[in-house]
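The values are calculated or read from the model by the stated rules, or taken from the named source; none is laboratory data. Keep in mind that what you see is a predicted model, and the values were worked out from it rather than measured. In this analysis, Cβ positions are derived from the backbone assuming ideal geometry, glycine residues included, and neighbour counts consider all displayed protein chains. Each accessible area value is taken on the protein alone, full model and side chains, heavy atoms only, with ligands, DNA and RNA left out. Shrake-Rupley method; radii C 1.70, N 1.55, O 1.52, S 1.80 Å.
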Amino acid sequence: MTTTVIDGNLAEGSAATRRLPRIPLIDQLRAIALIAMAIYHFTWDLGFFGYIAPETATTGGWKIFARVIAGSFLFLAGFSLVLGHAQGFRPRAFFIRFGKIGLAAAIISVATWFAFPDTFIFFGILHAIAAASLIGLLFVRLPVVVTLLVAAAAVAAPFYLRAPLFDHPALWWVGLSVNVPRSNDYVPLLPWLAPVLLGIAMARLFVASPLPERLAGYGATTKVWWKSLLEKAGRHSLAIYLIHQPVLIALVYGFSLVVPAPAADPVESYTKSCVSACVNERGAGFCQSFCGCTLTRLMEQNLFADLNRGAIDVTKDERIAAISSQCTANAETETELKE
């Protein structure tokens, strides 16, 4: 049977009557994304327990790596959505899967609320997959060009539509807040709806081609053990996602009991933390000056050690407020002189 694409839609009588085979490559790709995610989370764990710089996993190439991983999961979610409903929407299958992902997302939120209350995961990758899959249903039958245009709009939205209205916690999931909320895994709907829609669009073109049958039969006669292992992992990706991080944390924690991480230099740690928090609002020059000034003042007034061990409430201590005010004025003056 031949299939054609008319204005981005499958020709009548093709996908509606054509039963698509299971494609092992999709499961293998999902498993590879799981491996990449585990590598990233292991790096985060090493930073959390002090074996590497704490900000390693959230800066530079590692930050890009994390975004590629998230994008790959969302792309595959959109791609699989089309494959699963190519012969028509199957509500029971969809809502069972949707319920499992939604429940898993809720478990992640509750668990991280207790473990990391200041940076708990309120809308992470699972939340995004669930929400985007629900929205994606609207695009499974729409022309490919429409889906691609909406995907482009989703990418552009955070650049042009940010507003203080979305700073309310109830709207953080949208992704248009002016101030980015803190979270250990923040994957808001915008722009992250885009890779799901891109996956839907690519799957529509894929289904309209002879590739499904070709890829399904590829390597069927000569099974390789590692490919079979990847397929099994890809089919149970949700379960692996839920258990892999607790296992990794337990392993690193156990190792830390035997071989503790070297103690961090408190001065270096304070400076990095101060500059990292400051650059979200002010320029790098100002932040270097401000943080150097506060460090000097804290040491002069014998407050640095107490601050490090958490004996000072920085939000209420008048001495800290005075130091911050003085150093802000000094840093602003220095920045103006340099300009």
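Going by accessible surface with a 1.4 Å probe and the largest first, 27, 313, 167 read 313, 167, 27.
Angle of helix 91-115 to the longest C-alpha principal axis of the chain, folded into 0 to 90 degrees and rounded to 10: 10°.
Among the protein heavy atoms of the chain, carbon and sulfur supply 66% of the accessible surface, probe 1.4 Å, non-protein parts ignored. In terms of its C-alpha gyration tensor, the range 196-327 has a prolate overall shape, because the principal axis ratio a/c (a ≥ b ≥ c, square roots of the eigenvalues) is not below 1.5 and a/b outweighs b/c. Bridging of residue 316 to lysines at a Cα separation below 25 Å is possible for 272, once same-chain residues fewer than 8 apart are set aside.
How high is the relative contact order of the range 56-194, in percent, counting Cα pairs under 8 Å that sit 6 or more residues apart?
On the way: 134 pairs, mean separation 36.1, N = 139.
Dividing the mean separation by the residue count of the range 56-194 yields 26 percent.
A straight Cα-to-Cα reach below 17 Å connects residue 227 with the aspartates and glutamates 27, residues fewer than 8 places away in its own chain not being considered.
Placing unit charges on the Cβ atoms of the charged side chains and taking the dipole of the chain about its Cα centre, the candidate lying farthest along the positive direction among 142, 257, 60 is 142.
Counting heavy atoms of the protein chains only and a 1.4 Å probe, report the per residue accessible area for the chain as a whole number of Å².
Details: 19460 Å² over 339 residues.
I get 57 Å² per residue for the chain.
For the range 54-65, backbone phi angles converted through the Karplus equation (6.51, -1.76, 1.60; θ = phi - 60°) give residue-by-residue couplings of x, 8, 3, 6, 10, 9, x, x, 5, 5, 5, 4 Hz, Gly and Pro being listed as x. From the list [x] 22.2; [y] 15.3; [z] 17.2, can you say which value of mean projected area of the Cα convex hull in nm² was derived from the structure given? Correct label, based on the coordinates given: [x].
Could you tell me whether the range 177-268 comes out rounded, prolate or oblate from its Cα gyration tensor? Rule is a ≥ b ≥ c as square roots of the eigenvalues, rounded for a/c under 1.5, then prolate if a/b exceeds b/c, otherwise oblate. Taking the square roots of the gyration eigenvalues as a ≥ b ≥ c, the range 177-268 is oblate.
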